[in-house]
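Taking it in order: structure first as structure tokens, then the write-up.
The values are calculated or read from the model by the stated rules, or taken from the named source; none is laboratory data. Just so it is clear, the structure is predicted and the values come from calculations on it, not from any experiment. Note: ideal-geometry Cβ built from the backbone for every residue, glycine included; neighbour counts use all protein chains shown. In case anyone asks, the SASA skips ligands and DNA or RNA and just uses the protein heavy atoms, side chains included. Shrake-Rupley method; radii C 1.70, N 1.55, O 1.52, S 1.80 Å.
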Amino acid sequence: MAVENRMDKIVALAKRRGFIFQSSEIYGGQNGFWDYGPLGVELKRNVRQAWWSDMITEHDEISTPPGAPTSFDMVGVETSIIMHPQVWKVSGHYDLFCDMMVDCRECKARFRQDHVPTSQCPLKPSKAPGEHDKCQLTAPREFNLMFKTTLGALGTEEDAAFLRPETAQGMFVNFKNICDSSRVKIPFGVAQIGKSFRNEITPRNFTFRSREFEQMEMEFFCHPSQSLAWYQYWRDRRYNWYITHGISKSNLILREHAKEELAHYSVGTADLEYAFPFLEAGSYGELEGVAHRGDFDLRSHSEGKLCKKDGELVVELGADGKPRHPGSGKDLSYFDDQARERYVPHVIEPAAGCDRATLAFLCEAYHEDQQPDEKGVMQERLVLKLHPRLAPIKVAVFPLIKKDGMPEKAAEIYRAFKRAGIAVQYDQQAAIGRRYRRMDEIGTPFCVTVDSETAVSDTVTIRDRDTLEQIRVPVKEIVDHVRGRMG
Ligand code: GAP
């Protein structure tokens with residue numbers, strides 16, 4: 001399938017079946033903003049849940065780096081979107097979180113400088129900006145990606161605040177609160193899921209680059225001597241999370257950043273990159289970054305914004321010789337009372353995008369094949385092979401026909417799934433083949449059918465979306481059977 005064609009089909013399916021809609025569509029849409037429909041909200045909730053379970057509730061303690069403790073704490077937080085403006089000065093976002101942009105004086109379009117070669121000239125889409133005779137591109141200019149807002153009624157510059165461009169800072173500034181309130185001991189991790197905002201110059205590729213999006217970030221605080229081992233641990237563990245949830249190894253790469261690519265504070269960063277269908281064959285787009293951030297964040301929030309001088313991180317000074325962006329002045333070091341040692345912990349940060357992960361799972365799941373209908377005639381089938389844990393609906397219940405007590409029995413089974421908290425849909429409209437196809441298209445892994453045999457043996461058929469295998473299962477075991485196959 002052609003690259004664009006495949007992506008167009010995924011976008012069309014997402015709209016047709018209620019996964020993702022353009023925001024404010026009836027008013028012509030709002031570029032860079034997306035709404036999740038009834039199925040999309042469930043899919044995204046399941047992605048979030050799978051991440052939270054892996055990070056917090058079900059994290060195991062078996063395969064930790066050599067020499068590291070075999071058990072470690074993982075806790076969650078939910079911090080505010082608007083934080084003290086000093087946070088963004090100290091973190092570097094105020095000075096450095098910029099893209100270079102160019103404007104066209106002729107058509108008034110704006111482009112990210114690094115996107116110019118792959119963008120279209122609005123006057124002549126077969127050409128790139130700058131290639132048309134009429135193009136008048138400005139020199140590149142810096143553009144800060146943070147959304148600015150105003151607090152209170154006066155609206156002066158002192159009341160300016162920013163929508164957070166990442167969730168991470170909410171965890172760094174609460175480091176002391178968490179240590180003092182929850183008896184965590186290093187190493188430990190703090191995770192949060194929440195909205196972030198970036199005023200992207202050219203939002204594009206469906207939800208991939210949006211202006212409002214959700215992040216799933218975790219800050220893992222550890223002893224400096226163990227930080228490299230933990231970096232490798234989290235990098236590999238995050239790679240495996242995507243594979244476990246259905247991403248194929250052939251579509252996912254782990255790319256270590258070259259030294260020149262590293263942020264000024266970073267000792268190492270690896271990107272998890274996915275072969276999104278809107279990219280050319282052999283190209284990958286960032287799904288998640290796993291960064292070794294050293295002690296940059298805790299030191300900055302304590303001492304003031306840091307910069308690199310002669311290879312060392314030092315507090316950046318203004319013309320007056322004072323810190324250019326002062327920190328909080330609070331001591332954010334950690335005292336290990338067993339080792340009697342005080343130090344500033346190092347941080348490993350796996351930073352994922354919930355919308356990008358959801359998009360990758362959707363793209364990976366999208367399949368077209370041909371399957372025989374009930375009369376044995378081959379029919380085109382569109383199927384989302386989502387991991388059962390991520391599928392918005394886990395099971396559909398059908399009466400084969402609308403009589404002979406079948407709808408009543410099917411309704412009973414439907415309610416049993418509801419009581420068990422398993423997302424279920426009931427459908428008695430149209431031929432059974434069409435009902436199967438409707439469920440395949442939204443990724444429902446199992447379809448349970450009540451037929452004439454049910455009244456005789458108290459069994460139902462269960463059909464597997466991917467293998468199409470149908471087996472009979474006693475009615476009293478069907479809920480446990482489905483639960484057991486969710487993986
Ligand atoms: N705290 C580190 C941080 O924010 P990042 O690489 O800028 O790192 C982490 O962002 C993840 O957030 C990205 O890997 C991506 O999945 C997601 N993300 C970033 N910008 C995005 C955007 N404009 N639209 C959708 N997702 C985005």
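Yes/no per residue for (1) assigned to a helix (DSSP H, G or I); (2) within 12 Å of the ligand (Cβ to nearest atom); (3) within 18 Å of the chain's Cα centre (by Cα); (4) outside the structural domain of Leu313 (by TED's automatic domain parsing):
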{"residue": "Glu219", "(1), (2), (3), (4)": "no, yes, yes, no"}
{"residue": "Ser225", "(1), (2), (3), (4)": "yes, no, no, no"}
{"residue": "Trp234", "(1), (2), (3), (4)": "yes, no, yes, no"}
{"residue": "Ser250", "(1), (2), (3), (4)": "yes, no, no, no"}
{"residue": "Ala263", "(1), (2), (3), (4)": "no, yes, no, no"}
{"residue": "Leu272", "(1), (2), (3), (4)": "no, yes, yes, no"}
{"residue": "Pro277", "(1), (2), (3), (4)": "no, no, yes, no"}
{"residue": "Gly289", "(1), (2), (3), (4)": "no, yes, yes, no"}
{"residue": "Arg293", "(1), (2), (3), (4)": "no, yes, no, no"}
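Given Thr207, Thr202, which one is of a type in the set (Val, Ile, Thr), within 16 Å of the chain's Cα centre (by Cα) and assigned by TED's automatic domain parsing to the domain that holds Val267?
Details: Thr202 fails: within 16 Å of the chain's Cα centre (by Cα).
Being of a type in the set (Val, Ile, Thr), within 16 Å of the chain's Cα centre (by Cα) and assigned by TED's automatic domain parsing to the domain that holds Val267 holds for just one of Thr207, Thr202, which is Thr207.
For (1) under 30 Å from Leu468 (Cβ atoms); (2) assigned to a helix (DSSP H, G or I); (3) aliphatic (A, V, I, L, M); (4) not assigned by TED's automatic domain parsing to the domain that holds Phe172, each residue gets a yes or a no:
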residue	(1), (2), (3), (4)
Leu313	no, no, yes, no
Asp331	no, no, no, no
Phe335	no, no, no, no
Ala351	no, no, yes, no
Asp369	yes, no, no, yes
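For the range 422-458, give me each residue that is assigned to a loop (DSSP other than H, G, I, E, B) and either under 31 Å from the mean Cα position of the chain (by Cα) or among the aliphatic types (A, V, I, L, M) (or both).
Here is the first cut: in the range 422-458, the residues assigned to a loop (DSSP other than H, G, I, E, B) are 422-423, 427-431, 442-445, 451, 458.
Within the range 422-458, Ile422, Ala423, Ala430, Ala431, Ile442, Gly443, Thr444, Pro445 qualify.
Taking the range 356-376 as the search range and keeping residues that are open to solvent by 10 Å² or more (accessible area, probe 1.4 Å) and out of contact with any Leu (no Cβ under 8 Å at 6 or more places or on another chain), which one is nearest to the ligand (Cβ to nearest atom)?
So in the range 356-376, the residues open to solvent by 10 Å² or more (accessible area, probe 1.4 Å) come out as 356, 364, 367-376.
In the following step, the residues that additionally are out of contact with any Leu (no Cβ under 8 Å at 6 or more places or on another chain) were identified as 364, 369-370, 372-376.
Values: Glu364: 15, Asp369: 30, Gln370: 35, Pro372: 40, Asp373: 40, Glu374: 43, Lys375: 45, Gly376: 45 Å.
The qualifying residue nearest to the ligand (Cβ to nearest atom) is Glu364.
When the residues of the range 162-183 are narrowed to those that are in contact with a Leu (Cβ under 8 Å, 6 or more places away or on another chain) and among the aromatic types (Phe, Trp, Tyr), which ends up farthest from Trp88 (Cα to Cα)? First the steps, then the outcome.
Pass one, the range 162-183, residues in contact with a Leu (Cβ under 8 Å, 6 or more places away or on another chain): 165, 172, 175-176.
Next cut, among the aromatic types (Phe, Trp, Tyr) only: 172, 175.
On the way: Phe172: 12, Phe175: 16 Å.
Ranking the qualifying residues of the range 162-183, first place goes to Phe175.
Being under 18 Å from Glu408 (Cβ atoms) and touching a strand residue (DSSP E or B) at 6+ places or on another chain (Cβ under 7 Å) is the filter here; which residues of the range 436-453 pass it? Lay out the reasoning, then the answer.
Our first condition is that a residue be under 18 Å from Glu408 (Cβ atoms); within the range 436-453, this holds for 448-453.
Of everything in the range 436-453, those that are under 18 Å from Glu408 (Cβ atoms) and touching a strand residue (DSSP E or B) at 6+ places or on another chain (Cβ under 7 Å) turn out to be Val448, Thr449, Val450, Asp451, Glu453.
For the range 153-206, which positions are of a type in the set (S, T, N, Q) and open to solvent by less than 10 Å² (accessible area, probe 1.4 Å)? I'd like the intermediate steps shown before the answer.
Looking only at the range 153-206, we keep the residues that are of a type in the set (S, T, N, Q), and these are 156, 167, 169, 174, 177, 181-182, 192, 196, 199, 202, 205.
Scanning the range 153-206 gives Thr167, Gln169, Gln192, Ser196.
Could you list, in sequence order, all residues of the range 16-48 that are loosely packed, with under 15 Cβ neighbours inside 10 Å and away from the ligand (no atom under 16 Å from the Cβ)?
Applying the first criterion (loosely packed, with under 15 Cβ neighbours inside 10 Å) to the range 16-48 yields 16, 24-29, 31, 35, 38.
Once the filter is applied, which keeps residues that are loosely packed, with under 15 Cβ neighbours inside 10 Å and away from the ligand (no atom under 16 Å from the Cβ), the range 16-48 yields Arg16, Ser24, Glu25, Ile26, Tyr27, Gly28, Gly29, Pro38.
For the range 119-128, state whether one or more residues are outside the structural domain of Arg204 (by TED's automatic domain parsing), part of a strand (DSSP E or B) and open to solvent by less than 80 Å² (accessible area, probe 1.4 Å). Steps first, answer last, please.
At the first step, the residues of the range 119-128 found to be outside the structural domain of Arg204 (by TED's automatic domain parsing) are 119-128.
If we keep only those that are part of a strand (DSSP E or B) too, we end up with 121, 124.
If we keep only those that are open to solvent by less than 80 Å² (accessible area, probe 1.4 Å) too, we end up with 121.
Yes: the range 119-128 contains one or more residues that are outside the structural domain of Arg204 (by TED's automatic domain parsing), part of a strand (DSSP E or B) and open to solvent by less than 80 Å² (accessible area, probe 1.4 Å).
Condition first: open to solvent by 40 Å² or more (accessible area, probe 1.4 Å), over 16 Å from Pro85 (Cβ atoms) and not basic (Lys, Arg). Now tell me which residues in the range 317-334 satisfy that. Walk me through it before giving the result.
As a first pass, look at the range 317-334 and keep what is open to solvent by 40 Å² or more (accessible area, probe 1.4 Å): 317, 319-324, 326, 328-331.
Those left that are additionally over 16 Å from Pro85 (Cβ atoms): 317, 319-322, 329-331.
Leu317, Ala319, Asp320, Gly321, Gly329, Asp331, listed by residue number.
Would you say Asp466 is part of a loop (DSSP other than H, G, I, E, B), assigned by TED's automatic domain parsing to the domain that holds Val397 and either in contact (Cβ under 8 Å) with a residue 40 or more places away in the chain or among the β-branched types (Val, Ile, Thr) (or both)? Steps first, answer last, please.
Values: part of a loop (DSSP other than H, G, I, E, B): yes; assigned by TED's automatic domain parsing to the domain that holds Val397: yes; either in contact (Cβ under 8 Å) with a residue 40 or more places away in the chain or among the β-branched types (Val, Ile, Thr) (or both): yes.
When the stated conditions are applied, Asp466 passes them.
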